[in-house]
Structures are given as C-alpha cells and as structure tokens.
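For reference, the structure discussed in these notes is given below.
Bear in mind these aren't lab numbers, they're just calculated from the coordinates by the rules spelled out. Here the structure is a predicted model, which means the values were calculated and not measured. We place every Cβ from the backbone using ideal geometry, glycine too, and count neighbours over all the protein chains shown.
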C-alpha cells in the first residue's frame, strides 16, 4: 500500500467538508414537516448532533439521492431506544402486539445491523446484540441470520471480546433452528412465508399452512454457519471451524441443487406437504442467495428479470413477484401486508445488497452491470417520497408501496380502516439504504482479516465528483474523495482515499479496486 503526502489544502478540504451545514440543512427540512408522534432516545431537537457525532458524511451531484441518504439516517436515529438493559433498535415506533420485550422484533435485525454498523458509536449495536443473546427464543420468531449480522458488524468494529461473549448463544440459536425447522428427508430448512416476514405470497398460497422450503431461510442458515465457522477460527476452536464449515457447504449445495429451477433459471420455493414441485412464480426473494455468495457465476442471467417489466421492474421499485405471474396482485383490500406484487423496501434492500456483492465478486457481464445497480438504487431512493394533503412532496419511508403509483399501500389501507395504530409504518425501520451507498455504491467492503476493499459501483462518467467522509472501519476513519478536475474540492484530480487524514491511494479514475 503506497502512501502519498497530502497538501495543506487537501487537509483543509477534509475539515471543511466535515462541517455541519450539509447535515443541518437536511435535518431542518425533515424536522419542519415531521409530526413527531413517537419519541425514543433522541428526539428531533437532538437529531443534528446525533448525526454529526455518528454518521459518515456523503456528498454527490444527485441531491435527491443525497437527501434520501440523510433521511434514512434521520429515521434510524428515531429507533434507538435506551432500556434498563441497554440500547435496542426498534422496527415500529408505536407498540405492536407481535413485538417482544421493549417493542423489538427480530425480523429486520439483519438490516438493522448492516445499516447501524456504520455508526461511529458501536455501543448501540453492542447492546442490541446482547439483547438478542438474552432473548434467544424470541430471536427465532422470524427468520433472522443473527450470527451473520453480528459478524458483519464485527468486520466494521472488530472486538474479539464481543464475539467471545456472543458465541455460545449464537451456537444455541443455530441448534434450536435445526431442531424446529430442519427437514431431514428434504435436506432443507422450511419456513412459513409470514415468518420470513413475507406473508400472503404467491408460493405461500400453494401450501395449506403457507410453509415451504425457501431460499431465504436456507440462505440465512448457510450464512450463519459460515459466520460461526469464522468466529470459531477467531477463537481458535478448530473442531467448531470444521463442524460449521461442513454445515455451510451442505446448505450451499442444497440451495444450489434443490431450490434452483433450471427451466425458470431462478431460485424458487418448494411448497411443503406437497409433491416437491416448484412454485410457478419467480419471487424477488429468489435473489437472496446472492447476498451470501451462494450461486456460481454461471447463473448471472437471473439479473435480466430485475430489468424486465414482465419480471420485477416497476416505476417505484421492484415488485415482490414477477409481473407475468398468474398470482401477481397489487391489492387495496384484504391483508395490510401482501408480498404477491407490492414493492417492499425490505426485499428491495436485499436485492440491491445481493447485486452489489455479485458485481464486486464477479464483475460486469451482458446480464450484470453497474448501470443496473445504479438505476435500481435511484428508483429505490425516489420511492422514499410522499405527497401530503397540502401537495408538498416530502421524504417518507413506510411498509410497502404500490409499485406503479408510489402510494404507500399499507398506510392507505390502515387509513381507510380508521388510521389503525396511528401511523404504524411511519419511519419504518425494516430495510437498509445508507449501507447500499456506503458498501455498495461507494464500495467500502470490510474484510474478516482486517483489510478493506474499496470498489465503487458508480457507472463511468456519471459523476464528476463525490465524497464519503469519516467512515469508521476497523478502528480507522476512511474518506473517499473523487474530483475529476480537482476544482470542486481543491484537491488532486481523481480518486483520493484517506485513512485517518492521510492520503494512501490516488487514481485518475474511480473505476478501481483498492485493498487497504
């Protein structure tokens, strides 16, 4: 790794761009239109200081994308709750009856850890991890790759004591999943669609109890086994390394061999209690195996479906089932939360995480491009809006939305029923967005060995400048600054990578792969 001397102006650049005004302007806007119904640890008056103390600062020419980035950090802050047992992260702000202690639900835990790992203060998630180690039974109410989530957090905030404290509980949780949801005859885990957080799905309707052998739960268990093997390696427990590595390999083969529908060229659900035939529909969660690197490069043609209007492509986000499927619906009646067509940020975030990983690992080809990630991310960003009764267009995140109109669907249905739960889905913490900018678009990928790989996914020529400042990673603060001419930031033209204010890498282009 070659180090470069930096000029005084470059040093001042970093100081100047970390100033508060970019955060203050967005927070002032968000606070001005917010009806702050529910307050937890940090109210709106504390939002500016919280964000300045904790989040990476992002700047780019696309001000709508930039605005959504700060909006999602602003909403994440709302879900930090200090309890007598430490901090936890909530999904809903109002209490809901299906939640556990302190109104916590494990279903979005994977997203909450992936997003929150980029906060400078690790204590929020360290406490939250301890919560789940205590609540081991409730940690399995919904599908949740808990060991994977802890390990992804560890790679940003390495702390061997944290892993050592968590390891026994994570092993127990994995074993309990095997006892309750492993089908030895099928050689797969099963799950009910609703307990994947994906109720009223097309595949779920094909089973009398909505259960099936799903790529979701099986991919999660693969990721957990792999994470447990990595933790065991860190803790010098060789027998556990071999044990969990073997389980991971078995599950990887099972997902690839048994849940891949070769005729449809997609991972599909096999409804349980039937004749082991695939569901006829492609569903968006079929991209989940790519989140964890399960498929081989020979299956990249699946990404064509994400860019096909008969597949998943829609104006306000990917649909949860392919539009050509017989069971595709966008209903305004019935269950509030349906996964048979509407766009769900939860699934969109999974798909974009999977797409970013695949691009980083395999590169581009005729079916897979940075442009696909770019366009899907922008569509996702632009869906974070709502037109108020006064005609104002404001930032918004809720449960699900009509993929053709952008209307927040569950919210509309609950309003029709009399505003049940009083804005239940407002500021919903059930997906990622900031992580998709940091680890995906800008491409900061922490590794288990302490290295950091930086590989932006911004298509060539799209931006003449962008910057991501003070990203915590492995006890260091990283800053990525690109300026095509050097005039926007008064710096050396090209891409400059800083570690703790020292420039350690420079390139004329951002089309690079940097290993620190």
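For residue 389 and residue 277, the FRET efficiency from 1/(1 + (r/R0)^6), where r spans their Cβ atoms and R0 equals 35 Å, is about 0.15. Taking N as the residue count of segment 360-516, its C-alpha radius of gyration divided by 2.2 N^0.38 Å amounts to 1.30.
Here the spin labels are modelled as points 7 Å beyond Cα on the Cα-Cβ line, and at residue 453 and residue 331 they lie 4.2 nm apart. Computing Rg and the Kirkwood Rh from the Cα coordinates of segment 79-441 gives a ratio, Rg/Rh, of 0.94.
Highest average first, the peptides 90-97, 201-208, 26-33 ordered by how many other beta carbon atoms sit within 10 Å of their residues are 201-208, 90-97, 26-33.
Computed from the C-beta positions of residue 361 and residue 36, the FRET efficiency with R₀ = 45 Å rounds to 0.60. In percent, rounded to a whole number, the relative contact order of segment 54-106 is 20, using alpha-carbon pairs under 8 Å and six or more apart. In terms of surrounding Cβ atoms within a 10 Å radius of their Cβ, 157, 412, 273 rank from fewest to most as 273, 412, 157.
Per-residue packing, averaged as other Cβ atoms within 10 Å, sorts the ranges 468-476, 427-435, 484-492 into the order 427-435, 468-476, 484-492, beginning with the highest. Counting every other Cβ atom within 10 Å of each residue's Cβ, 379, 216 order from fewest to most as 379, 216.
The calculated Kirkwood hydrodynamic radius for segment 62-144 is 13.5 Å, given to one decimal from all distinct C-alpha pairs. Across all directions, the average flat footprint of the convex hull enclosing the Cα atoms of segment 314-430 is 8.3 nm². Computed over the chain, the per-residue total of -39500 (n - 2.57) for DSSP H runs of n ≥ 4 gives a 222 nm mean residue ellipticity of -11500 deg cm²/dmol, rounded to 500. Put a dot 7 Å past the Cα of residue 101, heading toward its Cβ, do the same for residue 168, and the two dots end up 1.7 nm apart. Using C-alpha pairs below 8 Å separated by at least 6 residues, the relative contact order for the chain is 17 percent. According to the Cα-based calculation, Rg over Rh for segment 247-316 is 0.98, with Rh computed by the Kirkwood formula. Per residue, the convex hull spanned by the Cα atoms of segment 291-349 amounts to 105 cubic angstrom. Diffusion coefficient of segment 407-497 by Stokes-Einstein, Kirkwood radius over Cα pairs, 20 °C, 1.002 mPa s: 132 µm²/s.
Counting beta carbons within 10 Å around each of 237, 415 and listing the fewest first gives the order 415, 237. Extension gain, residue 242-residue 21: 0.36 nm per intervening residue step, less the Cα-Cα distance, totals 74.4 nm. So if R0 is 51 Å, what FRET efficiency would residue 175 and residue 484 give, r being the distance between their Cβ atoms, rounded to the nearest 0.05? With a Förster radius of 51 Å, E is 0.45.
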